[in-house]
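Enquirer: Have a look at this one before I ask anything.
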Amino acid sequence: MHIGYLVHNLNDPAVERRCAMLERGGARVKLAGFCRDARLSDAIAQRRPFLLGRTQDSAMVQRILGTLRATAFHGDLAHYLGECDALVARNLEQLGVARAVVGDRPLVYECLDIHYTLVGHGPLAKLVRAVEARLLPRVDLLWTSSTAFVDNHFAHTALDCPIELVENKLLVDSVEDFPAIPQPDPHGRICIGWFGMLRCRKTLAVLTDLAAAMPDRLEVLIAGKPSPAEFTDFEGQVARADGVTYHGPYRYGDLPDLYGRCHFAWTIDWFEEGLNSSWLLPNRIYESHAHGSVPIALADIAVGRWLRRHDAGMVIADPDEIAARLASLTPQDIAAHQARVRAIPRRAVLADDRDCRDLVDTIKALVPA
């Protein structure tokens, strides 16, 4: 089958992974969307996507205007997606674009986070919720990565369709054949890794303070792409911090080496604190477990509850606990944490062709015979 995939940021690494999943599941993908960079990544450029325009990080009004333009002048996009059997829209803005061109074909809404405007109280929040209320009744299937999104948001909306949990598992060739990653020696300095989307200023402050306070005990390794909307001089801040190293952006294939250097993985995200950051189950949870790093998480959010179900991770009540917990760890404590990570079933954190086929089958079930 042919699937049209509309996304808000073509260069988001998760977009290429989702395209790969759909293709490994037996579908052909036609990709369209906006981009937040001056050029497309090589992997995305090879797909020759339909470019809807350029947007900026954390610029909601600009993104809404871009969505309105794409919706108003959608003739070329409709032609581009004409042979598709179903459309998948990644986030609310793209759901609006997809609604303009989907016709009577199945429409899948992929919602992996809840933007703060959907739970706010100002005029913009009311406008966005009104748009959502108009669009959700047309959705035939919801893909979401955390049940907390359903419980805290979608259960109180006009959504009336099947819901499929699609977790942010690490995509591998084979779950059974995925190699065990050698874990760092529990003796010596502890290394904490913070990888992925770098958008939390509070996290950077906490980690740099920890490294400064424990110079002989702790080091911090950071890798990923910092948000220019949140950090004006990310690399400069890190360069001025003792005990903190910034690797730069990375590719999927770099993960074994990055996580293989870290005893612990930082999964706490105070961006949109109390809202989306409390509900999501990020890539970091699955990647860290797959590569043997022990996640550090807050107890009273979705991540902490996930870790407690699996009896793994360092779960804390608040950031004031972290320094004392790390300072008191013995090599035996670290080894015990690492053993609990290894005990988690691989299919809880890894995805392969079986998951890809299941994902495509959820769409096929919507297409009339």
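The values are calculated or read from the model by the stated rules, or taken from the named source; none is laboratory data. No experiment lies behind these values; they were computed from the predicted model shown. As a convention, Cβ positions derive from the backbone with ideal geometry for all residues, glycine included, and neighbour counts pool all protein chains shown. Ligands, DNA and RNA are stripped out before the accessible areas are found, and what is left, the full protein with its side chains, is counted by its heavy atoms. Shrake-Rupley method; radii C 1.70, N 1.55, O 1.52, S 1.80 Å.
Enquirer: Take the range 1-54, compute every pairwise Cα distance, and split them into 5 Å bins from 0; I just need the percent in each bin.
Expert: Taking all Cα pairs of the range 1-54, the binned fractions are 5, 22, 35, 24, 10, 3, 0 percent.
Enquirer: Rounded, prolate or oblate: which one fits the range 190-350, using the alpha carbon gyration tensor with axes a ≥ b ≥ c (rounded when a/c is under 1.5, else prolate when a/b beats b/c, else oblate)?
Expert: Working: a/c = 1.35, a/b = 1.22, b/c = 1.10.
Rounded shape, in that the Cα axes give a/c under 1.5.
Enquirer: On the accessible surface of the chain, probed at 1.4 Å, how many percent belong to carbon and sulfur atoms? Working shown, then result.
Expert: Working: 8510 of 16500 Å².
Of the solvent-accessible surface of the chain, carbon and sulfur hold 52 percent.
Enquirer: For the pair Asp173 and His121, what calculated FRET efficiency results from E = 1/(1 + (r/R0)^6), where r is the Cβ-Cβ distance and R0 = 41 Å, to the nearest 0.05? Walk me through the numbers before you get to the answer.
Expert: Numbers: r = 47 Å, r/R0 = 1.15.
That pair, His121 with Asp173, gives E of 0.30.
Enquirer: I need the P(r) histogram for the range 89-223: all alpha carbon pairs, bin width 5 Å from 0 out to the longest distance, whole percents.
Expert: 2, 8, 13, 14, 12, 12, 11, 10, 8, 6, 3, 1, 0
Enquirer: Using a ≥ b ≥ c from the Cα gyration tensor of the range 107-156 (square roots of the eigenvalues), is it rounded, prolate or oblate, where a/c under 1.5 gives rounded and otherwise the larger of a/b and b/c decides, a/b for prolate? Mind showing how you got there, number by number?
Expert: Values: a/c = 2.22, a/b = 1.34, b/c = 1.66.
Oblate is the answer for the range 107-156, as a/c is 1.5 or above yet b/c matches or exceeds a/b.
Enquirer: Apply the a/c threshold of 1.5 to the C-alpha gyration tensor of the range 150-222 and tell me whether it is rounded, prolate or oblate. Please report the intermediate quantities before stating the final value.
Expert: Values: a/c = 3.96, a/b = 1.53, b/c = 2.59.
Cα axes put the range 150-222 in the oblate bin.
Enquirer: Report, in whole Å, the centroid distance computed from the Cα atoms of the range 85-123 and the range 199-234.
Expert: After rounding, the separation between the Cα centres reads 33 Å.
Enquirer: Which whole-angstrom value gives the distance between the alpha carbon centres of the range 1-28 and the range 172-188?
Expert: Taking the Cα centre of the range 172-188 as reference, the centre of the range 1-28 is 27 Å away.
Enquirer: If I build a Gaussian network model for the chain, linking alpha-carbon pairs within less than 10 angstrom, which residue out of Trp279, Trp270, Trp143 has the largest mean-square fluctuation?
Expert: For the chain, modelled as a Gaussian network with Cα springs under 10 Å, the answer is Trp270.
Enquirer: Now for a separate question. Give me the net charge for the shell around Glu83: Cβ to Cβ below 13 angstrom, other residues only, Lys and Arg +1, Asp and Glu -1. Let's see the in-between values first.
Expert: Values: positive: Arg28, Lys30, Arg105; negative: Asp85.
Here the count lands on +2.
Enquirer: If I build a Gaussian network model for the chain, linking alpha-carbon pairs within less than 10 angstrom, which residue out of Asp42, Asp85, Asp113 has the largest mean-square fluctuation?
Expert: Sorting by GNM fluctuation, first place goes to Asp42.
Enquirer: Can you work out the accessible area per residue across the chain, with the rest of the protein chains kept in place, probe 1.4 Å, in square angstrom? Spell out each step's value before the answer.
Expert: Values: 16500 Å² over 369 residues.
Using a 1.4 Å probe on heavy atoms only, each residue of the chain averages 45 Å².
Enquirer: Would you kindly derive the ³J(HN,Hα) couplings of the range 205-220 from the backbone phi angles with the Karplus curve 6.51 cos²θ - 1.76 cosθ + 1.60 (θ = phi - 60°), listing them in order in whole Hz, with x for Gly and Pro?
Expert: Each residue's phi maps through the Karplus curve to give 5, 5, 5, 5, 5, 4, 4, 5, 7, 10, x, 8, 10, 9, 9, 10 Hz.
Enquirer: Could you give the length gained on full extension between Glu83 and Asp311, defined as 0.36 nm per residue of separation minus the Cα-Cα distance, in nm? Provide the component values of the computation, followed by the final result.
Expert: Values: separation 228, 0.36 × 228 = 82.08 nm, distance 4.69 nm.
Taking 0.36 nm per residue and subtracting the Cα distance, the gain is 77.4 nm.
Enquirer: Given the DSSP H assignment, sum -39500 (n - 2.57) over each helix run of at least 4 residues in the chain and divide by its residue total; what's the result at 222 nm in deg cm²/dmol, nearest 500? Walk me through the numbers on the way to the answer.
Expert: Working: 16 runs with 141 residues, N = 369.
One gets -10500 deg cm²/dmol as the mean residue ellipticity at 222 nm.
Enquirer: Now a separate question. Near the amide H of Ala265, under 5 Å away, which other amide H atoms are found, from residues 5 or more places off or on another chain, if H is placed in the peptide plane?
Expert: Gly193, Val294, Ile296
Enquirer: I would also like to ask the following. Enumerate the lysines that Lys169 could reach by cross-link, defined here as Cα to Cα under 25 Å, with residues fewer than 8 away along the same chain left out.
Expert: Of all the lysines, those that pass the test against Lys169 - Cα under 25 Å, at least 8 places apart if same chain - are Lys30, Lys225, Lys364.
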